[in-house]
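Accompanying notes for the structure given below.
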Amino acid sequence: MRTTRLLAVGILSVFLAACASSNSGSVYSRDDARKVQTVRTGVVESVRSVKLEGTKSPVGTIAGGAVGGIAGSSIGGGRGSAIAAVIGAVAGGLAGSAVEEGVTRKDAYEITVKLDGGALIAIVQEADEEFKAGDRVRLVENGGTSRVSH
C-alpha cells in the first residue's frame, strides 16, 4: 500500500516536471532560432515584482486522478472500493491540477521602459535577470514576443 502511494507520487512528480515551461528573457524556443528579430533600446523607468501563473495542462489532472483512483481503490472492498476509487480519482484530479499550477508558478518582473523614441512600454518576463530604474536596456521583439535584456 505504501509502495503504491510512493510510486504514484513519483509518477505525478515526473509528469509535473515535464509541464514546466519558461517565460525567461534568456530562454528561446527552437522556433525562435534563425528568425529576424527587431531590436529597440531604452531606459528602465520602473520594475515591479509580479507572479507568472503556473501551467494548467491536463497532465496534472490526469496524473492526480490516476494517483487518487489507485489510492481510493485500496479502501474498503467490493462496491465500496469502486466508489472510493471514483471519489479518489476526482479528488486526485483536482489536487493534481492545483499542484501543477503551484509548482510551475514563477517570480517575474513587470519592466516599464522608456524607448529612445519617447514611447513608454511595459513587458512582463521571468525574474532571471536583475533590472533597476535607470538601466540602459535592449528590447528584442519577434512577432508578438518581446524580451528585455542588458
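The values are calculated or read from the model by the stated rules, or taken from the named source; none is laboratory data. Note that this is a predicted model, so its numbers are computed, not measured. Methodologically, a virtual Cβ is constructed for each residue, glycine included, from the backbone with ideal geometry; neighbour enumeration extends over all protein chains shown.
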Residues in the stretch 29-76 that are over 23 Å from the mean Cα position of the chain (by Cα), surrounded by fewer than 16 Cβ atoms within 10 Å (Cβ to Cβ) and either at pLDDT 70 or above or part of a helix (DSSP H, G or I) (or both) total 12
Residue selected from the stretch 100-150 under the condition surrounded by 18 or more Cβ atoms within 10 Å (Cβ to Cβ) and under 30 Å from Ser73 (Cα atoms), by the criterion modelled with the lowest pLDDT: Glu100
